[in-house]
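The next block holds one structure in the form of structure tokens; read it before the comments.
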Amino acid sequence: MSETTDIHTILAPKTNLNAVSDSPVTDPASAAKGLEETNAFVGQRSKLDAKSSSALKKSSRYRSRSLSASSTDSYSTTSCSGTSSDDEDGLSPREKVQKNSKGFSDFCVRNIAQHAFGRREIDIAEQEMPGIMALRKRAGDDKPLKNARIIGCTHINAQTAVLIETLSALGASVRWAACNIYSTLNEVAAALAEAGFSIFAWRSETEEDFWWCIDKCVNAENWQPNMILDDGGDATHLMLKKYPAMFKMIKGIVEESVTGVHRLYQLSKSGKLTVPAMNVNDSVTKTKFDNLYSCRESIIDSLKRSTDIMFGGKQVVVCGYGEVGKGCSQALRGLGCIVYITEIDPICALQASMDGYRVVRINEVIRNVDIVITATGNKNVITREHMDKMKSGCIVCNMGHSNTEIDVNSLRTPDLTWERVRSQVDHVIWPDGKRIILLAEGRLVNLSYSTLPSFVVSITSATQALALIELFNAPPNRYKSDVYLLPKKMDEYVATLHLPTFDAHLTELSDEQAKYMGLNKAGPFKPNYYRY
């Protein structure tokens, strides 16, 4: 316990967080490869990563890097937020000279004048994010992230703004870019810029804009980053490839996505990871709550907003029965859908069967279903052959993290016609008049055409903040250059921060009960191998 950082007593004065083992963890995805991504996808991603080092030089190469969390260019230029997020002058934000009301200009957003609307969005999010706000209050005086200089590359929305302002309140200096070309809320980005944060992001970036924004965050005058908070691994990738000397100065990386975590494990196995990294994606509070409960609500919101569909009686196939697939299936069945599941993993398939779903091969149902949802993390789960067989009006969308699950490129052929219906909603029309409805061009539909529940993002944000604090304050020899899971005691602490919202009261073990179970009365309460 002598090596435990001071922040543990700051954040949990009634309990002591257990010291973290120096031993690197085993990649949990390799033991449950069917839940989110398969080894085939990992191999494909590795090959593309090897090619992408030169992608920073030519915009044409940016577009070839289809496995980026941002994906490829699109025809969409409008926000789905219902506000006027794009300027009528047609100028790229990079061509404008922008300053906030105090003369600060180290940012690049769509329209700084929209900051008041964005601030109201942030105020609303704060009311539904009790955990991260409690963390800000408890640790704000002690500044556990003092002297931390954090590069952030995540989705930029009101919930992320609450995290950014919390990290700042804890002492950190941050620079932030988007990990997805469509998930930025322009009004929120403007509000952060008005508050003096270096934000480089706007909705509907080109792929070249995407990399330019990350580069502006990394390569800043008189500012040397020492921490990375990533979602998809693109900031890590750029810094490693373009600024290797700067990358070696990083104290730690926090990664929250399936895709990014796999890329970190690849770097570790090849000996290219020279700094410690924390795998937040596979922490219980991220996997169970963000992936399951958030997707359970946001899939319905996304489909309603984009298509105005009535769910009762519709036939739906959900590809993948991991946490995301489970959440989507529960929500759709609750509204009267007939839900089919496809799976490669016999354990997940058995779970789906015992939950009352039909487990099928995609070709068995593809001609009759009304909605197709991918949630595997793999590539080419839905191919042109499948889409050729779909009935007219079938809705196709992706809830997995990567944009490779639907083979969208196979639809960009002379024989098919693309018709933009709404922002990020396309009719793809076959020669015989059949049409399918493709949402967000195969990218994450819930982040492209919806918003995430703030409460769930509060859980993820608190997890990310604690991981940053742990890595930044860790003694030099605690973490080697490898990938680690978030300590279970921190997972439990994140859950504790959110229980007061539900007026939930934990039962306390007696001394006799704790001794009988072999537990510390303050936790952790489950072994690392326990599956919630």
What single numbered condition from (1) β-branched (Val, Ile, Thr); (2) at pLDDT 95 or above; (3) buried (at least 24 other Cβ atoms within 10 Å of the Cβ); (4) over 18 Å from Gly103 (Cβ atoms) fails to hold for Ile199? (4)
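Pick out the one residue from Gly260, Gly232 that is in a loop (DSSP other than H, G, I, E, B) and crowded, with 19+ Cβ neighbours inside 10 Å.
Going through Gly260, Gly232 in turn, just one is in a loop (DSSP other than H, G, I, E, B) and crowded, with 19+ Cβ neighbours inside 10 Å: Gly232.
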Do the conditions hold for Ala177, that is, is it open to solvent by less than 10 Å² (accessible area, probe 1.4 Å), modelled with pLDDT of 95 or more and in a helix (DSSP H, G or I)? no
Please enumerate the residues belonging to the stretch 91-120 that are farther than 29 Å from Ile459 by Cβ, assigned to a helix (DSSP H, G or I) and aliphatic (A, V, I, L, M). Ile112, Ala113
Residue satisfying condition, being outside any helix (DSSP H, G or I) and open to solvent by less than 20 Å² (accessible area, probe 1.4 Å), within set Leu238, Leu273: Leu273
Going residue by residue through the stretch 430-445, is there one that turns out to be open to solvent by 10 Å² or more (accessible area, probe 1.4 Å), closer than 27 Å to Leu185 by Cβ and within 16 Å of the chain's Cα centre (by Cα)? yes
Identify, by number, the condition in (1) under 29 Å from Thr259 (Cβ atoms); (2) in a helix (DSSP H, G or I) that Asp123 doesn't meet. (1)
Which of the residues that make up the stretch 470-513 are exposed (fewer than 12 other Cβ atoms within 10 Å of the Cβ) and either of a type in the set (S, T, N, Q) or not in a helix (DSSP H, G or I) (or both)? Pro475, Pro476, Asn477, Asp503, Ala504, His505, Leu506, Thr507, Glu508, Ser510
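For the stretch 461-472, state whether one or more residues are free of Cβ contacts under 8 Å to residues at least 60 places away in the same chain, small (Gly, Ala, Ser) and on the phi < 0 side of the Ramachandran plot.
Within the stretch 461-472 (the criterion being free of Cβ contacts under 8 Å to residues at least 60 places away in the same chain, small (Gly, Ala, Ser) and on the phi < 0 side of the Ramachandran plot), the answer is no, since none of the residues qualifies.
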Any residue at all in the stretch 148-161 that is out of contact with any strand residue (DSSP E or B) (no Cβ under 7 Å at 6 or more places or on another chain) and surrounded by fewer than 24 Cβ atoms within 10 Å (Cβ to Cβ)? no
Could you check Gly140 against (1) touching a residue at least 60 places away in the same chain (Cβ under 8 Å); (2) among the small types (Gly, Ala, Ser); (3) under 25 Å from Phe472 (Cα atoms) and say which number it fails? (1)
Which numbered condition Cys217 fails, given (1) open to solvent by less than 10 Å² (accessible area, probe 1.4 Å); (2) modelled with pLDDT under 95; (3) hydrophobic (A, V, I, L, M, F, W, C): (2)
Residue list for the stretch 220-229, restricted to those being touching a residue at least 24 places away in the same chain (Cβ under 8 Å) and open to solvent by 10 Å² or more (accessible area, probe 1.4 Å): Ala220, Trp223, Gln224, Asn226
Cβ contacts < 6 Å: first residue free of Cβ contacts under 8 Å to residues at least 24 places away in the same chain, restricted to the stretch 500-525; second residue open to solvent by 90 Å² or more (accessible area, probe 1.4 Å) and not aliphatic (A, V, I, L, M), any location; separation 6+ or different chain. Result? Leu509/Lys521; Ala514/Lys521
Condition set acidic (Asp, Glu) and over 21 Å from Phe289 (Cβ atoms), scope the stretch 105-142, selection surrounded by the most Cβ atoms within 10 Å (Cβ to Cβ): answer is Glu121
Pairs, please: C-beta under 8 Å, at least 6 apart or cross-chain, first residue closer than 17 Å to Ala148 by Cβ and in the stretch 247-260, second of a type in the set (Gly, Ala, Ser) and open to solvent by 10 Å² or more (accessible area, probe 1.4 Å)? Gly252/Ala474
Meets criteria (open to solvent by 30 Å² or more (accessible area, probe 1.4 Å), at pLDDT 95 or above and part of a helix (DSSP H, G or I)) for Glu385: yes
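Could you please let me know if Leu185 is at pLDDT 95 or above and buried (at least 24 other Cβ atoms within 10 Å of the Cβ)?
no
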Which of the residues belonging to the stretch 181-196 are touching a helix residue (DSSP H, G or I) at 6+ places or on another chain (Cβ under 6 Å) and either assigned to a loop (DSSP other than H, G, I, E, B) or under 19 Å from Glu441 (Cβ atoms) (or both)? Ile181, Tyr182, Ser183
Among the candidates Ser458, Ser454, single out the residue that is under 30 Å from Tyr493 (Cβ atoms), in contact with a Pro (Cβ under 7 Å, 6 or more places away or on another chain) and touching a residue at least 12 places away in the same chain (Cβ under 8 Å). Ser458
I need every pair where a residue in the stretch 300-314 that is closer than 16 Å to Gly336 by Cβ has its Cβ under 6 Å from the Cβ of a residue that is part of a loop (DSSP other than H, G, I, E, B) and of a type in the set (D, E, K, R), sequence separation at least 6 or different chains. Lys314/Asp370
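The values are calculated or read from the model by the stated rules, or taken from the named source; none is laboratory data. What you see is a predicted model; the values in this text were computed from it and never measured. Every residue, glycine among them, receives a Cβ derived from its backbone with ideal geometry; neighbour counts consider all protein chains shown. Each accessible area value is taken on the protein alone, full model and side chains, heavy atoms only, with ligands, DNA and RNA left out. Shrake-Rupley method; radii C 1.70, N 1.55, O 1.52, S 1.80 Å.
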